[in-house]
Amino acid sequence: MTADDFKASVETADRPDSELNDVLKALWYDAKGDWEKAHVLCQSAGNGDGDWVHAYLHRVEGDLPNASYWYSRASQSRFEGSLSEEWESIVAALLNR
């Protein structure tokens, strides 16, 4: 799946593609406005990618100290651009792995 396909599915589908891992599903649900479901999914991932999305979600929430903790756990720098730019950046990185 490409990043464009992923973004299009947010616009057209009722649920994420079953082939996606929980971290990408979390980003999908975030884009649909379901922060709680996204948060549960990234927490359950139990890996650095989940920690990265967890950091992003706390940035969305406005809890920057908590976001900083999760960025550190994910070995990622805090993103300095907009939330939408960060979302797109994470989606692209995860889909290209």
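The values are calculated or read from the model by the stated rules, or taken from the named source; none is laboratory data. Nothing here was measured: the structure is a model prediction, and the numbers come from that model. With ideal geometry, Cβ positions are generated from the backbone for all residues, glycine too; neighbour counts draw on all protein chains shown. Side chains are part of the model used for accessible areas, which takes the heavy atoms of the whole protein and leaves out ligands, DNA and RNA. Shrake-Rupley method; radii C 1.70, N 1.55, O 1.52, S 1.80 Å.
Among the residues that make up region 35-43, is at least one of them crowded, with 20+ Cβ neighbours inside 10 Å, touching a residue at least 40 places away in the same chain (Cβ under 8 Å), in contact with an Asp or Glu (Cβ under 8 Å, 6 or more places away or on another chain) and in a helix (DSSP H, G or I)?
No, that holds for no residue.
Could you give me the residue pairs with C-beta distances under 6 Å whose first residue belongs to region 1-25 and is without any contact (Cβ under 8 Å) to a residue 24 or more places away in the chain, whose second residue is surrounded by 13 or more Cβ atoms within 10 Å (Cβ to Cβ) and not in a helix (DSSP H, G or I) wherever it lies, and which are 6+ apart or on separate chains?
These pairs meet every condition: Lys25/Pro16.
Which condition from (1) modelled with pLDDT of 95 or more; (2) hydroxyl-bearing (Ser, Thr, Tyr); (3) over 22 Å from Asp4 (Cα atoms) is the one that Ser84 breaks?
Exception for Ser84: condition (3).
In region 56-97, how many are open to solvent by 40 Å² or more (accessible area, probe 1.4 Å), under 18 Å from Ala38 (Cβ atoms) and part of a loop (DSSP other than H, G, I, E, B)?
Qualifying residue count, region 56-97: 5.
Being part of a loop (DSSP other than H, G, I, E, B) and either open to solvent by 70 Å² or more (accessible area, probe 1.4 Å) or over 13 Å from Leu94 (Cα atoms) (or both) is the filter here; which residues of region 3-34 pass it?
Ala13, Asp14, Arg15, Pro16, Asp17, Ser18, Glu19, Asn21, Lys32, Gly33, Asp34
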